[in-house]
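S.K.: Take a look at this one; I'll ask things after.
Any read-out appearing in this document is the output of simple, stated calculations on the displayed coordinates, not a laboratory observation. Keep in mind that what you see is a predicted model, and the values were worked out from it rather than measured. No Cβ is skipped: glycine too gets one built from the backbone with ideal geometry, and neighbour counts run over all protein chains shown.
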């Protein structure tokens, strides 16, 4: 009997990974009802990571009031495993861009403070391990907002305390560590991060990502200068050069902040999730793996879910179901893909594709099952 694993990322703004699995499972069984199917939804540390982890783990969803990126109260959740003494936190729950309207987005004034509040709650529960996903941020504060929630204090050269938002990085002159939460030292922090950008410069946090978070060209330059100032202070006060660490620029410099303030280790998000899901063990006897995401492009192959699935393949065949395919023929030929379907090809337009992606995904799976049946 043919055995198939369905192991997708979400279709952002359209389908969760679990909904992808359900649609494909339904489509496959229309033409091949006797298939053995295992659903293995994945994530890379960004939006949807906690939902995916809850699918695999015997954990409790903890919900509490925290501050959103503009310091307004919002309810956010994280996954807590009493058995493993581990918390799985998604920074986007408290500090994500999805919490703001387009008009509100401006990384000069946003903060990761709420993410710090989630960490404090987990520390108070006695966790020994925290896995923090840092995708989908609305911030460019190098994690000083998060650190403020943990007891760090930040001052300008007049000894005025700073709020912990993006624009404060340029004024930052000293950091007071005397009131830092002592529980931090007793916890192992793993950061799920899928980029390797440096903290500042042409490929850094501000220049590559902050315009997507509402920054004007002038704001981008101001934020970059702030990140330079932040790193200069850290070199002077802590003898660490965060600029040299790949991934320090992730999530508006939160990668750097996690390394400094939490003594954290940056890891591939997809590899962390695969490990928690015991993914490699579960696909050993599989004939085909079906994966996919909203858009297949060059970024797909640098730390995203599809790349992670490809890295786990031994002798399984690979099928990709993607919303849009933005690779040319030569780029596609370099990939070891046995079947590729672009879901948008079924739709009238982009809106139709997004609104009815589940229906079209089911149809694509049905046609794929027909091909399997014929072969």
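S.K.: Among 267-274, 230-237, 255-262, what's the highest-first ranking by average C-beta atoms within 10 angstrom per residue?
M.R.: 255-262, 267-274, 230-237
S.K.: Compute the relative contact order of the chain as a whole-number percentage, counting only Cα pairs closer than 8 Å that sit 6 or more residues apart in sequence.
M.R.: Working: 868 pairs, mean separation 74.7, N = 375.
Rounded, it is 20 percent for the chain.
S.K.: To the nearest 500 deg cm²/dmol, what mean residue ellipticity at 222 nm is calculated for the chain from DSSP H runs of n ≥ 4 alone, each contributing -39,500 (n - 2.57), summed and divided by the residues?
M.R.: -10500 deg cm²/dmol
S.K.: Then there's this: Hey, could you pull the Cα Rg and Dmax for region 1-101, both in Å?
M.R.: When restricted to the Cα atoms of region 1-101, Rg and Dmax are 16.6, 55 Å.
S.K.: Then there is this: How would you classify region 138-236 from its alpha-carbon gyration tensor, with a ≥ b ≥ c the square roots of the eigenvalues: rounded for a/c under 1.5, else prolate if a/b is greater than b/c, otherwise oblate?
M.R.: oblate
S.K.: Between residue 208 and residue 329, how many nm apart are label points set 7 Å from Cα along the C-beta direction?
M.R.: 3.2
S.K.: Over the residues of the chain, compute the C-alpha Rg and express it relative to 2.2 N^0.38 Å.
M.R.: 1.03
S.K.: Return the FRET efficiency for the residue pair residue 339, residue 62: r is the Cβ-Cβ distance, R0 is 41 Å, and the value is rounded to the nearest 0.05.
M.R.: Efficiency, from the Cβ-Cβ distance: 0.50.
S.K.: Whole angstrom only: what separates the Cα centroid of region 32-79 from the Cα centroid of region 139-194?
M.R.: Each part reduced to its Cα centre gives a spacing of 26 Å.
S.K.: Sorting check: for 93-99, 78-84, which peptide has the highest mean count of neighbouring beta carbons within 10 Å, and how do the rest follow?
M.R.: Top to bottom by mean Cβ count within 10 Å: 93-99, 78-84.
S.K.: Here's another thing I want to ask about it. Starting with the highest mean, order 180-193, 283-296 by the number of other Cβ atoms within 10 Å, averaged over the residues of each peptide. Write out the running numbers ahead of the final one.
M.R.: Working: 180-193: 18.3, 283-296: 21.1.
Per-residue mean Cβ counts within 10 Å order the peptides as 283-296, 180-193.
S.K.: Shifting gears a bit: Extending each Cα 7 Å along its Cβ direction at residue 348 and residue 281, get the distance between those two points in nm, one decimal.
M.R.: Here the answer is 4.9 nm between the modelled labels.
S.K.: Efficiency by 1/(1 + (r/R0)^6): what FRET value for residue 3 and residue 298, r their Cβ-Cβ distance, R0 = 30 Å, to the nearest 0.05?
M.R.: 0.45
S.K.: Once the Cβ-Cβ distance between residue 30 and residue 311 is put in as r, and R0 is 25 Å, what FRET efficiency do you end up with, to the nearest 0.05?
M.R.: It comes to 0.20.
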